[in-house]
Amino acid sequence: MDRRELLLGAVAAGLTGAGAPALSQVVASAKLEDRTLSILSDGAFEMPRSMLAREVAGDVIAQATKGTGPITNVLNVTCMRQGDKVVMFDCGSGANFLAGAGKLAASLEFAGIAPDSVTHVLFTHLHPDHFWGALDDFDTPLFPNATWIADRREVAFWTAPQVYEKLPEDRHAFAAGAQRVIKTLGDALVQKDAGSEWLAGIAAFDTAGHTPGHVSFEIADPGGPVFVLGDALTHPIASFAHPEWRPASDFDADRAVATRKRLLDRAAAEQARIIGYHLEGGIGRVERAGGAYRFVAGA
Ligand SMILES: [Zn+2]
């Protein structure tokens, strides 16, 4: 597949580049005991609001989410610095996905983080907006010195010959793109299992559903844990007030619902700080509200 076919695949999946070019920037930052977290923007894209919930009427979705028309999905890439270690959590969309995305390189420059200083990249999952940015405009790894780490189940899913039978036609480009990036990274891409520390003080835990091998990360800190959630919670209202909704972008919708409920319960109980890849504001906490939850942005 070439660049044009990949792009058409994204458009077929209902996604479009956000109207105004997103400003490359640092969205938020947080100081931990001996680590700094910076949330960098990779831009944004738009998606039909109806994708927030299968089998829910449009007017019900509009009322619950306080809006009509497409929703803007911001893209938040977390960078953790600790001594010589520079760890990225996912790495944006790159040049082949959508016009409004692929701004990570500019945001890194703005934040003064040199690509060759990045030591590790940990992936929540291998969707285009999280994974394709591993390659730069010349199709070489964006971070030349990094070790890239992904979940073993996730790599197995996207590289299996049967992957095309398991995906709707409009998502075939996602698989072709993932395979291309995996192949280019080669031996620099290491596979690990959920339920273990992938780096000292950073544990990966299973949050499958959105994709078959989706993981989230727990960064230990005396001030309480920080969870880097990828796409386990994707919308600042819907994912919290209606964790039972089944977004169109979740591969296994029922499993994703169970994951979301478990995660919200745990984050609220532990008063964890959470970072969502698509959550406006980037970092915040989960509070119980009525029978469900709400997202409170702010470090
Ligand atoms: Zn995503």
### Task
Quick one: compute the contact order of the chain, relative version, from alpha carbon pairs under 8 angstrom and 6+ residues apart, as a percent.
17 percent
### Task
Determine the calculated [θ] at 222 nm for the chain from helices alone, applying -39500 (n - 2.57) to every DSSP H run no shorter than 4 residues and normalising by the residue count; nearest 500 deg cm²/dmol.
-7000 deg cm²/dmol
### Task
Quick one: order Met47, Met88 by neighbouring beta-carbon count within 10 Å, fewest to most.
Met47, Met88
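Looking at the range 148-299, send over the antiparallel percent of its DSSP beta bridges, to the nearest 5.
Close to 75 percent.
Once you keep just the Cα pairs under 8 angstrom separated by 6 or more residues, what percentage relative contact order results for the range 75-163? Numbers along the way, then the final one.
Numbers: 151 pairs, mean separation 25.9, N = 89.
This gives 29 percent for the range 75-163.
Report Rg/Rh for the range 3-297, rounded to two decimals, where Rg is the Cα radius of gyration and Rh the Kirkwood radius.
Reported Rg/Rh (Cα atoms, Kirkwood Rh): 0.93.
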### Query
Considering only Gln191, Ala106, Met80, whose Cα is most displaced toward the positive end of the charge dipole of the chain, charges sitting on Cβ of Lys, Arg (+1) and Asp, Glu (-1)?
Met80
### Point-charge dipole on Cβ atoms (K/R +1, D/E -1) for the chain, about Cα centre, debye to 20
520 debye
### Query
Taking the Cα atoms of the range 103-210 alone, what are Rg (to one decimal) and Dmax (as a whole number) in Å?
14.4, 43
#### Entry: Considering only the range 3-297, percent of DSSP beta bridges that pair antiparallel, nearest 5
75 percent
### Task
Determine the relative contact order of the range 122-273: mean sequence separation of Cα pairs under 8 Å and six or more apart, normalised by residue count, in whole percent.
21 percent
#### Entry: For the range 74-113 versus the range 253-277, the gap between their alpha-carbon centres in whole angstrom
24 Å
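Every read-out reported here was derived from the displayed coordinates using simple, explicitly stated rules and does not represent laboratory data. All values derive from a computational prediction rather than experimental measurement. All Cβ positions, even for glycine, are placed from backbone atoms using ideal geometry, and neighbour counts span all protein chains on display.
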